[in-house]
Amino acid sequence: KEAADAVVAATSKLEFPNASVVTTGAPILLNNINDYLKGGMLTLGAIAIVVMMAILLLFFSVRWRLLPLAVVLVGVIWAFGLAGYLGIPLTLVTIAGLPVMLGIGIDYAIQMHSRIEEEVIIANSPHPIQEASRGLGPALLVVTFDAVFAFLALQISHVPMVRAFGWLLTVGIVAICVSSILNPLAILGMREYRSPTKARDFSEGRLGRMVVKMGSLPGGWALPLAAVAIALFVAGSIVEPSIKLETDPVNWVNQNSQVVKDLRTVEREIGGSSELGVFVESTNGQSVFNDTVVSNLDEFQRSTLKAHPDVLLIGSGIISTVSDLTEVPGAAHVAPAAEQVQAAWDIAPDGIRTSTASPDGKAFNLIYLTKPTSLEQRAVVVNDVREHAVAPSGTHLTPSGLAVVGVGLLENLEANLTQLTWVAVGLVFLFLLIRLRSFTRSLLSMVPEIGRAHV
């Protein structure tokens, strides 16, 4: 972030006649993502809170309708506080845990609130708080343990930020469960002691009537509904492997933001805005400024550009710079001499020297400007370099740069996507089997979740 801010500050002072300066690239994009993590979380949370307030006010016909929202907010504060204490990082993936925790937490809090109201109004229980805690508390704990086991399955992911997401949800669901059980019991217990509820039966509201109507469907509906559930499961299982993953960081942020507009402008004007590097390092301790290495790398860079014209736009580096300067139109290409490349590097500006070769002369950096392409297309180039490129004798060749990081992210996300789902399902089913001691009841409990996961 500091580097990006320094570059933006420096370029903002540049003035050229009849020209404008656009500062963009990966560092600026990452800086934009960092700013979003600071402000976007609050915006995301505010939108979710407003939506939940509207739902509670319209459909939850009880006293103190907004109490579940207050309870879940306390739980979320506990969750993120614990996450920070335990060192769980905040990333674009873990921040997605906020709406997940809000959704699960509001469900818990509404259930506990509803159960207490039922004990007061419908059952006329003399001890509604105790009855609600005995009746619903164990069930919420079982659901929480199920969720914990499901979230722990994310630890088999190859992507660190997905594993962090799993830890955040694991910690968060426990904190929210505790808040959703204890806080409604305490708050409503004090309310009922001071001002007992004498309202009408809230279960006759809009949602209550809809649930009663659905629950009174004839028995003949069972088979059609079961058939639909099985069809959704089968269709989801077939389609799941073809789910397209969005791994391009440019598409993770607001497409109307200035940083994305600047990136698109650069892509439109020069044909690309991202880079793929190839790091060549000496393995025998000798300088890479020798004719064999320079000749081989010159040929490698030219052949790679010809092999992947749809992905690579141009190649740059101290070797390619000297090679282009000595190119004679109409004549056969001749690789530059190592002595020429060394001399050019010696007099080059510090920025070019730093980015193209190491000061000790034992490493070269070849850089390709990539066209606006998907990570899947760039993966073809990266894999081709890894599998087929032959490094000059006495050197080691390695693809590098953000393009390689993106390709690695894509491969890791796709590596065990289906496994994550089935491991989570398996862990939850195993826990239910131990808890309920019934294969049939455990299987019936899993059917809706399996179908929902595949949908």
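For the stretch 154-195, trypsin sites (Lys or Arg not before Pro) meeting the loop criterion (DSSP other than H, G, I, E, B) and having at most 11 other Cβ atoms within 10 Å: none. Only protein atoms count toward the accessible area here, which uses a 1.4 Å probe; on the chain, the carbon and sulfur part of that area reaches 65 percent. Placing a pseudo-label 7 Å from each Cα along the Cα-to-Cβ vector at ASN256 and MET214 gives an inter-label distance of 3.4 nm. Full extension of the chain segment joining ASP107 with HIS388 gains 95.7 nm, where the gain is 0.36 nm per residue of separation less the Cα-Cα distance. With semi-axes defined as the square roots of five times the eigenvalues of the C-alpha gyration tensor, the equivalent ellipsoid of the stretch 63-138 measures 32, 12, 9 Å, largest first.
Measuring only protein heavy atoms, the 1.4 Å probe finds SER445 accessible over about 50 Å².
Using a cut-off of 10 Å between beta-carbons, work out the net charge of the residues near GLN255 (Lys and Arg +1, Asp and Glu -1, GLN255 not included).
Details: positive: LYS261, ARG264; negative: none.
With Lys, Arg at +1 and Asp, Glu at -1, the net is +2.
When only C-alpha pairs under 8 Å and at least 6 residues apart count, what is the relative contact order of the chain, in percent? Here the relative contact order equals 19 percent. The alpha carbon convex hull volume per residue for the chain rounds to 220 Å³.
Shown for the chain are the DSSP H helices of 30 Å or more along their axis, judged by Cα atoms, with a mean Kyte-Doolittle hydropathy of at least 1.0: 26-59, 128-152, 160-194.
Rank ARG264, ARG353 by accessible area, highest first, at a 1.4 Å probe radius? Numbers along the way, then the final one.
Numbers: ARG264 85, ARG353 65 Å².
Listed by decreasing accessible area, they come as ARG264, ARG353.
Net length available on complete extension from ARG268 to TRP64 is 67.9 nm, with 0.36 nm assigned per residue and the Cα-Cα distance removed. A straight line joining the Cα centroids of the stretch 427-442 and the stretch 245-311 runs 52 Å. Solvent-accessible surface of the chain, taken per residue with a 1.4 Å probe and all protein chains present: 55 Å². Over the residues of the chain, the helix contribution to mean residue ellipticity at 222 nm works out to -22000 deg cm²/dmol, using -39500 (n - 2.57) for each DSSP H run of at least 4. With the whole protein complex present, ILE319 retains an accessible surface near 0 Å², based on a 1.4 Å probe. Taking label positions 7 Å along the Cα-Cβ direction at both LEU44 and GLN377, the computed distance is 2.9 nm, reported to one decimal.
What is the calculated FRET efficiency for ALA348 to LEU152, with r their C-beta to C-beta distance and R₀ = 56 Å, to the nearest 0.05?
0.60
Working note: Debye formula, equal point scatterers on the alpha-carbon atoms of the stretch 39-171, no solvent; log10 I(q)/I(0) at q = 0.14 Å⁻¹ is -0.72. For LYS371, the solvent-accessible surface computed with a 1.4 Å probe is close to 60 Å², ligands and nucleic acids excluded.
Percent of alpha carbon pairs in the stretch 307-435 separated by more than 18 Å?
Working: 5618 of 8256 pairs.
For the stretch 307-435, the share of Cα pairs beyond 18 Å comes to 68 percent.
Would you tally the net charge around PRO359, using a Cβ to Cβ cut-off of less than 12 Å, leaving PRO359 out, and scoring K and R as +1, D and E as -1?
Numbers: positive: ARG353, LYS362; negative: ASP346, ASP350, ASP360.
Counting the neighbours of PRO359, the net charge comes to -1.
The values are calculated or read from the model by the stated rules, or taken from the named source; none is laboratory data. Source: prediction; values computed, not measured. Neighbour counts are summed over all protein chains in view; Cβ atoms, including those assigned to glycine, are modelled from backbone coordinates with ideal geometry. For the accessible areas, the whole protein counts, side chains as well, though only heavy atoms, and no ligand, DNA or RNA atoms are used. Shrake-Rupley method; radii C 1.70, N 1.55, O 1.52, S 1.80 Å.
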